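Notes to accompany the following structure.
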Amino acid sequence: ELTAQGITVELIGKLGELKGVRVLAPQSSLMMHDAESAVHNLGANVILQCRLDGMNLQAQLSRADSAKLTPIATFDNVIQPAVEALGRFVASSLGAAGNTANAKRSFIDRESYQLFLSGRAWFHRWSPDNLVQAASHFRKVIEKCPDYAPAYAGLADIQVLLRSEERRVGEECRS
């Protein structure tokens, strides 16, 4: 489940780079348990449903019409390059332009990538204990793959969030 949530967070970030595509925040997306809920509760007009089968990522992109979902395209790929490829797949299916400035990405072993995705999932659950879990996952990735920049970025995200929370609590105490 953590790997799937981590993929969701990574994919939302990747899709957020597309011009002309509005993407819901990870917390909103993860709260919806099915496509119909997303359409009715969040006003989604396009739904991307993903299924993780081992290390294979499968997806179906559908348009939300008045009472039904109409499939536009399907996708099937191995997980790590799949986040990048799935972003390009959605962009081409919707006719949206992508951001190619970040095209170079380092690839890591499967176990490390799953640790990274789990770290992202823990991070997006936003509680002090969950941030500790996220940091632990990112540090394990860095131990195994010291050149994997996204793990360092995950640790930096945690530090920013913790400092922001400390500042907020300090201001409340002074009030």
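The values are calculated or read from the model by the stated rules, or taken from the named source; none is laboratory data. In this text the structure is predicted, and so the values were computed from the model without any measurement. Virtual Cβ from ideal backbone geometry, glycine too; neighbours counted across all protein chains shown. For the accessible areas, the whole protein counts, side chains as well, though only heavy atoms, and no ligand, DNA or RNA atoms are used. Shrake-Rupley method; radii C 1.70, N 1.55, O 1.52, S 1.80 Å.
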How much of L94 can a 1.4 Å solvent probe reach, expressed as accessible area in Å² and rounded to 10?
50 Å²
By accessible area (1.4 Å), largest first, K140, K14 order as K140, K14
Neighbourhood net charge (13 Å Cβ-Cβ; Lys/Arg +1, Asp/Glu -1) for L69
-1
